[in-house]
1. Does A:Leu146 qualify as being within 18 Å of A:Ala101 (Cβ to Cβ) and out of contact with any helix residue (DSSP H, G or I) (no Cβ under 8 Å at 6 or more places or on another chain)?
2. Which of the following residues is free of Cβ contacts under 8 Å to residues at least 40 places away in the same chain, more than 20 Å from B:Thr205 (Cα to Cα) and outside any strand (DSSP E or B): B:Pro62, B:Pro25?
3. Scanning region A:70-116 for residues that are closer than 18 Å to B:Ala107 by Cβ and of a type in the set (Ser, Thr, Tyr), which turns out nearest to the chain's Cα centre (by Cα)?
4. Taking region A:199-226 on its own, how many of its residues are over 13 Å from A:Leu142 (Cβ atoms) and surrounded by 16 or more Cβ atoms within 10 Å (Cβ to Cβ)?
5. Please pick out the residue among B:His89, B:His69 that is in contact (Cβ under 8 Å) with a residue 40 or more places away in the chain and within 19 Å of A:Ala226 (Cα to Cα).
6. May I ask you to verify whether A:Gln30 is under 16 Å from the mean Cα position of the chain (by Cα), in a helix (DSSP H, G or I) and of a type in the set (S, T, N, Q)?
7. Listed residues B:Gly66, B:Gly88, B:Gly83; which is at pLDDT below 90 and more than 14 Å from chain A (Cβ to nearest Cβ)?
8. Here's a check for you: in region A:72-92, which residue that is part of a helix (DSSP H, G or I) and of a type in the set (Asp, Glu) is nearest to the other protein chains (Cβ to nearest Cβ)?
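The values are calculated or read from the model by the stated rules, or taken from the named source; none is laboratory data. Note that the coordinates shown come from a computational prediction; the quantities given were computed from them, not determined experimentally. Here Cβ is always computed from backbone atoms with ideal geometry, including for glycine, and neighbour counts include all displayed protein chains.
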Amino acid sequence: MSAPGLLAAGRAQIQRDLRLVWRRRGDALQPVLFAVMVIALFPLALGGEHEQLARIAPGVLWVAILLAGLLTLDVLFRSDVDDGSLEQLLLSPAPLAWLIAMRVLVHWAVTALPLLLLTPVFAELLFLPGRLLTPLMLSLALGTPLLSLIGAMVAALTVGIRRSGILLAVLALPLYVPVLVFGAGAVVAADQGLSSWIGAIYLLAAGLVLALVLAPLAAATALRIALS
Amino acid sequence: MNSPASDPAPLLECRGLCFSRNEEPIFGPLDFTLAAGTAIQVLGGNGAGKTTLLRVLAGLLPASQGEVHFQGRSVDQQHLVQGTAFLGHLPGHKADLSALENLQFTAALHASALAPEAALTDVGLAGFEQQQARRLSAGQNKRLALARLRLSAAPLWLLDEPYANLDRDGIALVNRQIGDHVNAGGAVLLTTHGAYAPPPVPMHTLELRA
């Protein structure tokens, strides 16, 4: 398949997925609302202790956004398997891994991107010191696509199993841990004035590059196996 | 029409094709050839493995044993996928999208020369372009799936029970589509219960026994 063909196929896949999200916008809003609720409830639960909130803010933001992405992971490929769309994607001339990459892009744009844009507001809400906003935004900008890519791989692995929600979470969480450690860790290191925080960001970037290439291929293979 | 004899390599040739699931044989060994410009009707009772055979030929399942030659070349699972269009029991399109949106997606994936609107008109769904697929009847959904076949350039059509859910006009439509495709040098492998008038094309039968 030629390059313009690939671009057209990718555009069609993005357009289709965005349309589907729009038709079910109530469902699509769920992860964002979940994260907003968690982040809004923390200051209420802890009372007005600003220093305490500020200290846990990076962790809270990271965990809330990570779990929000996990919520919709189970349905990433499920409906396509159930209605036979996935078979048709397999039989189309466009490479499956490419179409999956587009699908993950839409998942990220719908679940993580709105939260990323709201992060400055959340940071205010949790009294995060202003100088930590840059490391936090950087770590989230690199970490959330990585989470979506890893999640897609796990979702593809478990799609052949009915009611795999728990299994998916159990499989995904250990893979999420390093991302969380480096992501939240970068902000903590920056807070302690360590110049090494940028190192964790570089590691996240390296992980993202690796996952961008490998995760769609792995997910495509897993989906082929799940269908047979 | 291409005559099978003048064609050097048949479109599809299977030798000793077997499929077993968990050591239990589902079908085979099967030997058959399908020349361009002809069709094969796969017969067999429920559970004889008709659908499984079609899924193996579509490259959705790996064959347990045997060889498949496609256009004269021995192919593996990956390469079969490229030359086949598959119509299964599942709709294969999204219920939340309109008939036209579904076909536009297929047309873009296959870089189709035919306009999606024309494909819809061909299957008698003109006027339902903006209707969400979930609001179409079972027969209309089948027609939408048939429209998708027209958008693919694949020479080999694998049709699993193409007549299911269709009214008399729909059955005539399927036969007309098969006829057009076969006359244009394509080939069709279809499964049916046999209670329908066969399409007017050179046809062989392949019997599967459970």
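1. Working: within 18 Å of A:Ala101 (Cβ to Cβ): yes; out of contact with any helix residue (DSSP H, G or I) (no Cβ under 8 Å at 6 or more places or on another chain): no.
So A:Leu146 does not fit the description; no.
2. On the way: B:Pro25 fails: outside any strand (DSSP E or B).
B:Pro62 is the lone residue from the list that is free of Cβ contacts under 8 Å to residues at least 40 places away in the same chain, more than 20 Å from B:Thr205 (Cα to Cα) and outside any strand (DSSP E or B).
3. Looking at the filtered set, the residue picked out is A:Ser85.
4. Of the residues in region A:199-226, 10 are over 13 Å from A:Leu142 (Cβ atoms) and surrounded by 16 or more Cβ atoms within 10 Å (Cβ to Cβ).
5. Details: B:His69 fails: within 19 Å of A:Ala226 (Cα to Cα).
Just a single option satisfies the conditions, and that option is B:His89.
6. Details: under 16 Å from the mean Cα position of the chain (by Cα): yes; in a helix (DSSP H, G or I): yes; of a type in the set (S, T, N, Q): yes.
In short, yes.
7. On the way: B:Gly88 fails: more than 14 Å from chain A (Cβ to nearest Cβ); B:Gly83 fails: more than 14 Å from chain A (Cβ to nearest Cβ).
Only one candidate qualifies: B:Gly66.
8. Filtering region A:72-92 for residues part of a helix (DSSP H, G or I) gives A:75-82, A:85-91.
The next check asks that each one be of a type in the set (Asp, Glu); those that pass are A:80, A:82, A:87.
Values: A:Asp80: 8, A:Asp82: 8, A:Glu87: 6 Å.
Restricting to residues being part of a helix (DSSP H, G or I) and of a type in the set (Asp, Glu), the top hit is A:Glu87.
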